[in-house]
1. Give the carbon-plus-sulfur fraction of the accessible surface of the chain in %, rounded to a whole number; probe 1.4 Å, heavy atoms of protein chains only.
2. Could you work out the helix-only [θ] at 222 nm for the chain, with each DSSP H run of four or more residues adding -39,500 (n - 2.57) and the total divided by the number of residues, to the nearest 500 deg cm²/dmol?
3. In whole Hz, with x marking every Gly and Pro, tabulate ³J(HN,Hα) for segment 216-224 from phi via Karplus 6.51 cos²θ - 1.76 cosθ + 1.60, θ = phi - 60°.
4. Mind checking which of Ile174, Ile183, Ile27 has the largest fluctuation in a GNM of the chain, springs on alpha carbons under 10 Å?
5. Solvent-accessible area per residue for segment 1-47 at a 1.4 Å probe radius, Å²?
6. When the dipole is taken about the Cα centre of segment 143-231, and only Lys, Arg (+1) and Asp, Glu (-1) are charged at their Cβ, what size is it in debye, to the nearest 20?
7. Of the residues Ser30, Ser157, Ser215, which exhibits the maximal mean-square fluctuation in a Gaussian network model of the chain defined by a 10 Å Cα contact cut-off?
8. Which entries of Lys28/Lys68; Lys47/Lys223; Lys177/Lys237; Lys68/Lys180; Lys154/Lys222 have Cα-Cα distances beyond 23 Å here?
Amino acid sequence: MKVNAIVNCLHLNELIVVPVTTPIDIIKISSELRISLLSFTSEFLFKNTIRKPNIGFFEIFIAKFPSKVVLKNDESLLLSDLLALIGNEKYKINENVFFSEIQLLNFNLILYLIAGIYSENSYDVRTRYNRKEKLVFSFLEILDIHCREQHAVKFYSNTLLISEGHLSKVVKQITNKTIKEFIKEAIILEAKILLQNGDLTILQIIEELHFSNSSSFSNFFKKSTSMSPSEYRLKLKL
């Protein structure tokens, strides 16, 4: 296959993660080769992860020149079964009353299995990143730590010792998303995590996320989820 004009040969028990916006052409497929393909957007990923994933996990989804890894036999068999379950090819479960829940859990199993596989190969993978990709990953790591209290682009650009304009341009170029979108999504994820904790009041969550008042937090949350924080919390109990 040709990914961003670079030819990659994919062999037995090999895995490659390609960003959804990256140009890819299949040049040749041998008759013996079977490929399992799972495609999703970053928006789908953010909305359907059960818990907040480690921010480093997102590196594999935004690298311009994706790296392939060799799967162990047990990893290959497990991943194959999980992908088959998503496609409902081998497991006829679509009539199960909890089919949607099964698919959601299975999607997350696939995500964390892939994350673990790439984590074991992180050194080899990271050495192939270019300067701009490394800058984006540094931004994501800082965002993961500070998103609850820092909502402004200026904070992240100052921390990285570059201008707001340059950081915004690089993030958009590498990920096809704006830096403000990343900040907003990170805050929403944190809000959802905190709302799952029944011991915290809405007021305590507002203070934890450094919103000035309940109205600004409610409007921010509702704009992204179509629900108020109270409605979201109530839905969790159903």
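The values are calculated or read from the model by the stated rules, or taken from the named source; none is laboratory data. Everything quoted here is computed from the prediction, not taken from an experiment. Ideal geometry is used to build each Cβ from the backbone, glycine not excepted, and the neighbour counts take in all protein chains shown. The area values use the complete protein model at the heavy-atom level, side chains included, leaving out ligands, DNA and RNA. Shrake-Rupley method; radii C 1.70, N 1.55, O 1.52, S 1.80 Å.
1. Working: 7910 of 14290 Å².
Result for the chain: 55 percent of the exposed heavy-atom area is carbon or sulfur.
2. Working: 12 runs with 133 residues, N = 238.
One gets -17000 deg cm²/dmol as the mean residue ellipticity at 222 nm.
3. Coupling constants for segment 216-224: 5, 5, 5, 5, 4, 5, 5, 5, 8 Hz.
4. Per the Cα network of the chain with a 10 Å cutoff, Ile27 tops the list.
5. Values: 3430 Å² over 47 residues.
That works out to 73 Å² per residue.
6. Working: 10 positive and 10 negative charges, 99 e Å.
Roughly 480 debye, rounded to the nearest 20.
7. Looking only at Ser30, Ser157, Ser215, the biggest GNM fluctuation is shown by Ser30.
8. Numbers: Lys28/Lys68 17 Å; Lys47/Lys223 14 Å; Lys177/Lys237 33 Å; Lys68/Lys180 30 Å; Lys154/Lys222 25 Å.
Cα-Cα > 23 Å for Lys177/Lys237; Lys68/Lys180; Lys154/Lys222; rest within.
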